[in-house]
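Here is the structure we will look at, set down as structure tokens.
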Amino acid sequence: MRPYGKRVTARHKVRHTARHTPPRQSELIPASEWHPLDGVPAPEYVPPVWDGPHVGLRLIGAFKTLARLPMPRMSTASGYWPQYRHEWIDLLAQAPDDAESKALLEQQRNRTRALPSAAEISAMEAAIAWPGRYLAHRPLMMRIVHRVAIMRSRDVEMEVIATRLGRSPIQVRRINRTGLDVIADGLRRDRAPVF
């Protein structure tokens, strides 16, 4: 029997369960793994499912990885040799006089380029194709998401990106976020593993 005064309906059950579902708990970094006073950056947070901001982060990372790949150099008209030969006297004349400038020049000449790992390259190959795969039916959104990711990988501010796209920053942010959410929905639908 029902208790007096309480009428339980299916609608009441749905409202009752929806109201009392526990909120999604945030995942904290265990104290044994990282502490803010250690002087090292926090480990990267990977959400349990794809969401728009994480898709944007992976797209930007894909274009940063692409920029680190070795690219073939264009040859000159005379082949792969330089236009002219530098003699020792020419190099001495071009060298700076003060020690600080010399140290800076040596540091620039000794710069090495770190190549991406195989895992970074495979993640890049997967992520670069997302705008074309999931936003093919929305070409404007696809172009904006793609260009924003490329320019953000080069650390260009959103206001500059919006100016180059000929739109307001608010509009570019809104279209970009919507596009990233559409891509995240597609990745969840395809059950793509989160990386």
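None of the figures in this text is laboratory data; all of them are computed from the coordinates on show. On a predicted model such as this, the values are computed, not experimentally measured, just so you know. Because the Cβ atoms are built from the backbone with ideal geometry, glycine has one as well, and the counts that use them run over all protein chains shown.
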Burial ranking of peptide ranges 150-160, 176-186, 88-98 (average Cβ count within 10 Å, highest at the top):
176-186, 150-160, 88-98
What FRET efficiency would be calculated for the residue pair ARG68, THR163, taking the C-beta separation as r and a Förster radius of 25 Å, to the nearest 0.05?
0.40
Assertion target for ARG189, ARG68, ordered by fewest C-beta neighbours within 10 angstrom first, is ARG189, ARG68
For a quick check: sort VAL194, VAL145, VAL49 by the number of other beta carbons within 10 angstrom, fewest at the front.
VAL49, VAL194, VAL145
Among rounded, prolate and oblate, which fits segment 155-195 when a ≥ b ≥ c are the square roots of the eigenvalues of its C-alpha gyration tensor, a/c under 1.5 means rounded, and a/b larger than b/c means prolate?
prolate
Treat the count of other C-beta atoms within 10 Å as a stand-in for reagent exposure and order TYR45, TYR134 from fewest to most.
TYR45, TYR134
Label-to-label distance, nm, for residues given as THR178 and TRP88 (7 Å Cα→Cβ offset):
6.8
